[in-house]
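**Q** Take this structure, written in structure tokens, and hold onto it; I'll ask about it next.
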């Protein structure tokens, strides 16, 4: 019983994010003129999964008490690379997709190397590398465009029989194949150990450097998968600084709403997925509410503030506030 | 060890992806029937060129549900565009045709604009109008709209597609007009020009830029062009113009794509001698040009009025009524140059600087008084 309580407390952030998302999405669907059809689900899923993947990318560096300000730019770079090479026969397309993932891993590895071996502050280091990645994207695609395998793109951004959005299946696949094995591996646990107390982790012989390095590599990989999905949704690539910047900021918001502490050592990617879904549903509410255009940012900000504050309700339940600082 | 683990994951992921690739469900694109011209109301819906095809969709009975999926909203052009759209939808003869006219602005997130257009298609709107964030990214949306029998139209920043109706101003020609005028006004055959560009990656920015340089390069004269990005916004344009003047000291002429009032203010604030300026159609820009014309601030002013949204709505209604309309509609350009810029006609001293003049399309019987437009809120309806 005690164990059950502990586990529940550990996942409180995640459960809250799921609850908020479920309530908001149910409200959105109830107000939607078409209801929950396969197309409505696919439209919502494509938009949500895109941010969920970037949110997952952000989560792992945050768990190690770092931050990756380049996730949005890796996302944009992957989009531009994919719009160049994800074309031709199914085999060529598959190789193109793999090459895009490799680009993401490489970007992540550079971030990891700069942070771990270059010993720079993650925020500054990734701000700089992110600008480099954006520069590469712009060089690759000065104007939006691209020619990609549309069958592949439709398959990834369409819906499967039974109306299940393919992008959602992709997300579940990424969680099952990458996130869960990573979370259970020694290096995954090491990332949490590093995030909660680097000194204690060091004294316990945790492979600190490798854990941090891998965190940034995985961030690059997840951001590149998101870039791949964006390419499938748009059939094209665009080096847009606005998109890169907004996904980076929204990924941090998704991480926080999902119950991961920005101080590191707790939370997880599943929470960030629901955090991203919450963010996207807030945006969708504009579609069903008739909102004045000039009030929309204010509305979004207010709902966001409420969503983030839900995480600190813990304050109300604790008898002695000093316990928070232990 | 790390490396092997990563590779292993990559391989498994590739497996999952190729599985997804194997199951393909591309919807068959139907779309409107392609017919030969002439189309309905040729005085308004002028085909782009002789090769333009005509679309004829199955007739639907009104009144219609029409939606506008706008992206970027952060400048006065877009705000006036939305106000104009609502003013037009409220004109009695248009209102009778419309059951609902809904506007959503999604900001600069491309995925959100695509989702907004998809949401309108999913919700069974009869026509969806798009002012696209990116000309290349809407091919899948066009495909879904045509499959669902929804009329899809774009204007201003158009969707580059042969399967959707586009309402187009000859943006390249606007760039050319600016270059020709500057070449005519600047004595000598060499010098330095300032080009204040729009948001990067945008088709309007690209086309105007290309037209401008095409004429300059073809003139045989040697002009160095300094490019800055003013984002069609007075504040941004004013700042980047001031920076450029601080760095380069002297220019012989300016082409500003938008935010023209800001560009000219920066010129005045810097104490730069007055030079020819070719700009957009903002009221404030023309006011400043008229005020300083005697001191040598000579201007040309050309652009694409926000009222083109009304022509697009009119085209949507015509298409839904089963009339043949050109796939690519050519709009007239609104253009005046010094010394023909007249008060009360080409600019209004008592109206706001931000108002875009040139909102009437007589060929379409579309015209708005300034108060009719400014009386509408930017609210989404």
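**Q** I'd like to compare B:223-232, B:315-324: which one has the highest average count of other Cβ atoms within 10 Å, and what's the full order after that?
**A** B:315-324, B:223-232
**Q** Between residue A:302 and residue B:50, how many nm apart are label points set 7 Å from Cα along the C-beta direction?
**A** So the label points at residue A:302 and residue B:50 sit 6.0 nm apart.
**Q** In addition: Which FRET efficiency, nearest 0.05, do residue A:150 and residue B:34 yield, Cβ-Cβ r, R0 22 Å?
**A** Computed FRET efficiency for residue A:150 and residue B:34 comes out at 0.60.
**Q** Arranged from highest to lowest average of other beta-carbon atoms within 10 Å per residue, in what order do the peptides A:116-123, B:168-175, B:351-358, A:224-231 appear?
**A** On the way: A:116-123: 14.2, B:168-175: 20.9, B:351-358: 18.8, A:224-231: 29.8.
Sorting A:116-123, B:168-175, B:351-358, A:224-231 by mean packing, highest first, produces A:224-231, B:168-175, B:351-358, A:116-123.
**Q** Using the Cα atoms of segment A:138-258, I'd like the radius of gyration and the largest Cα-Cα distance, Dmax, both in angstrom.
**A** 18.0, 53
**Q** Could you state the per residue volume, in Å³, of the convex hull enclosing the Cα atoms of segment A:8-325? Don't jump to the answer; show the numbers that get you there.
**A** Details: hull volume 46.7 nm³, N = 318.
So the per-residue hull volume is 147 Å³.
**Q** When the convex hull of the Cα atoms of chain B is projected onto a plane and the area is averaged over all directions, what value comes out in nm²?
**A** With every direction weighted equally, the projected area is 23.5 nm².
**Q** Considering chain B as a Gaussian network with a 10 Å cut-off on Cα pairs, which listed residue, B:50, B:85, B:237, attains the greatest mean-square fluctuation?
**A** For chain B, modelled as a Gaussian network with Cα springs under 10 Å, the answer is B:50.
**Q** Still on this structure, please answer the following. Let me know the shape class of the protein assembly as shown, please: from the alpha-carbon gyration tensor, a ≥ b ≥ c as square roots of the eigenvalues, rounded when a/c is under 1.5, otherwise prolate if a/b is greater than b/c, or oblate.
**A** prolate
**Q** Build a GNM of chain A with springs between Cα atoms under 10 Å: which of A:258, A:188, A:275 gets the top mean-square fluctuation?
**A** Of A:258, A:188, A:275, the most mobile in the Gaussian network model is A:188.
**Q** Note the angle between two axes, namely the Cα long axis of helix B:260-269 and the longest principal axis of the Cα atoms of chain B, as a number of degrees from 0 to 90, rounded to the nearest 10.
**A** 30
**Q** Additional query: Please report how far the C-alpha centroid of segment B:66-105 lies from that of segment A:62-99, rounded to the nearest whole angstrom.
**A** Each part's Cα centre sits 37 Å from the other's.
**Q** Express in nm, to one decimal, how much length is gained between residue A:120 and residue A:139 on full extension, taking 0.36 nm for each residue of separation and deducting their alpha carbon distance. Mind showing how you got there, number by number?
**A** Numbers: separation 19, 0.36 × 19 = 6.84 nm, distance 2.67 nm.
Extra length available between residue A:120 and residue A:139 comes to 4.2 nm.
**Q** So, one more: Translational D (Stokes-Einstein, µm²/s) of segment B:267-367 at 10 °C and 1.306 mPa s when Rh comes from the Kirkwood sum over C-alpha pairs?
**A** Value of D from the Cα-based Kirkwood radius: 104 µm²/s.
**Q** Separation between the residue A:204 and residue B:272 pseudo-spin-labels, each 7 Å from Cα along Cα→Cβ, expressed in nm?
**A** 6.3
**Q** A follow-up question, please. Give the share of C-alpha pairs in each 5 angstrom bin for segment A:72-186, from 0 to the last occupied bin, in whole percents, shortest bins first.
**A** 2, 10, 14, 18, 19, 17, 11, 6, 2, 0, 0
**Q** Is segment B:171-303 best put as rounded, prolate or oblate by its Cα gyration tensor, with a ≥ b ≥ c the root eigenvalues, rounded for a/c under 1.5, and otherwise prolate when a/b is larger than b/c, oblate when not? Numbers along the way, then the final one.
**A** Working: a/c = 1.33, a/b = 1.11, b/c = 1.20.
Judged from the Cα gyration tensor, segment B:171-303 comes out rounded (a/c under 1.5).
**Q** Need one word for segment B:85-163: rounded, prolate or oblate. Basis is the Cα gyration tensor (sqrt eigenvalues a ≥ b ≥ c); a/c below 1.5 gives rounded, then a/b vs b/c decides.
**A** In terms of gyration-tensor shape, prolate.
**Q** In addition: Which percent, nearest 5, of DSSP beta bridges in the protein assembly as shown are antiparallel?
**A** 30
**Q** At what distance in nm do the modelled label points of residue B:360 and residue A:289 sit from each other, each positioned 7 Å from its Cα along Cα→Cβ?
**A** Distance between label points: 4.1 nm.
**Q** Comparing B:159, B:341, B:313, which has the greatest mean-square fluctuation in the GNM of chain B with Cα pairs linked when under 10 Å apart?
**A** Of B:159, B:341, B:313, the most mobile in the Gaussian network model is B:341.
Read-outs: derived from the displayed coordinates by stated rules, not from any lab. As the structure is a prediction and not an experimental result, all values here were calculated from the model. We place every Cβ from the backbone using ideal geometry, glycine too, and count neighbours over all the protein chains shown.
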